[in-house]
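First comes the structure, then the notes that go with it.
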Amino acid sequence: MRDTDLTIPDHIGSPDLDPADRCGLLPRQHQPGSVCGFVEDAPGFEIFTPAQCQQLLADPDRVLPTKRPGWQLDQNGHGSCASESGCESIMAVRERQNQKHVKFNPYFNYVQPDVGGGRDRGSSLDSNLRSVRDDGCCPMAVRPRSRRLARPTSEETEAASQYKGVEFFELQTVAAFRTLLLSGIPVCAGYRGHAITFYELANYNQAWYHNSWGSWGQKPHFDCKVGGFGLLSLSKLYLPYGMYTFLTATDTSHLDESGY
């Protein structure tokens, strides 16, 4: 399936990155569609036409469907950007579902055997988001950042199993990317060796993203903003990293207030 109004090539950006630009995101580890289905094929999912996108963007009374998060995940110099993006997307989906706010530790996913395996050498979006679906996300209250890249304990594994991504999809087109953002659904994608989470379509060719850098991450000639939100042109995306989304997360309303 192609975006008939795609103004940028299917393979965006360059895979030949300067080593200084690598921030932990590795190329996809699996063939497209082999880890999860395509959102374009999901029952009931309809892609907005270019005209519908422009109409929504031009509407002065449009209420933004996405609430920008007031929290910040910080990979703090590790190559865990894809893990950070995966956990952030679940936190955002839970917020959309009006579930209790729980901050997750992305290192739990980063150290899984089929993700980073406990070595700080980066990881891919597809392997991380599959871990978020299958292993879940571990609350910071159970696994603090100070545990760094230690092997997960049984308590952490059990806690993470309560917080999984449920409806997990890959995107094939930029049209689907625009549709999801206009619908208030975040998307995990890659840019110049770095994974970031997109929240809001600013205009037809730009989107707002949330970064997982603190004050340490600024790089020369790198468009990603340190901390918080930044604006990125869709022409800067590199599609071979893959684009992924979670539509829903595990319902944890059964957990009482004394839980995680």
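Looking only at residues of segment 149-181 that are without any contact (Cβ under 8 Å) to a residue 12 or more places away in the chain and not in a loop (DSSP other than H, G, I, E, B), we find that the one that is nearest to Gln52 (Cα to Cα) is Glu158. Being of a type outside the set (S, T, N, Q), surrounded by fewer than 22 Cβ atoms within 10 Å (Cβ to Cβ), within 19 Å of the chain's Cα centre (by Cα) and closer than 23 Å to Thr250 by Cα is the requirement here; does Pro144 meet it? No.
In the set (1) of a type outside the set (A, V, I, L, M); (2) crowded, with 18+ Cβ neighbours inside 10 Å; (3) assigned to a loop (DSSP other than H, G, I, E, B), the condition left unmet by Pro113 is number (2). Do we have Ile47 as β-branched (Val, Ile, Thr) and touching a strand residue (DSSP E or B) at 6+ places or on another chain (Cβ under 9 Å) here? For Ile47, the condition - β-branched (Val, Ile, Thr) and touching a strand residue (DSSP E or B) at 6+ places or on another chain (Cβ under 9 Å) - is not met.
Among the conditions (1) in contact with a Phe, Trp or Tyr (Cβ under 8 Å, 6 or more places away or on another chain); (2) closer than 18 Å to Val102 by Cα, Glu155 misses just one, which is (1).
Just one of the numbered conditions (1) among the basic types (Lys, Arg); (2) under 21 Å from Thr245 (Cβ atoms); (3) part of a loop (DSSP other than H, G, I, E, B) is not true of Arg143: (2). Counting only residues that are charged (D, E, K, R) and under 15 Å from the mean Cα position of the chain (by Cα), which one in segment 147-177 is surrounded by the most Cβ atoms within 10 Å (Cβ to Cβ)? Checked segment 147-177; the qualifying residue surrounded by the most Cβ atoms within 10 Å (Cβ to Cβ) is Glu170.
Criterion first (modelled with pLDDT of 80 or more and assigned to a loop (DSSP other than H, G, I, E, B)) does Gly184 satisfy it? Answer is yes for this residue.
The values are calculated or read from the model by the stated rules, or taken from the named source; none is laboratory data. The structure presented is a predicted model; accordingly, all values stated were derived computationally and were not measured. FYI the Cβ positions are ideal-geometry reconstructions off the backbone, even for glycines, and counts take in every protein chain you see.
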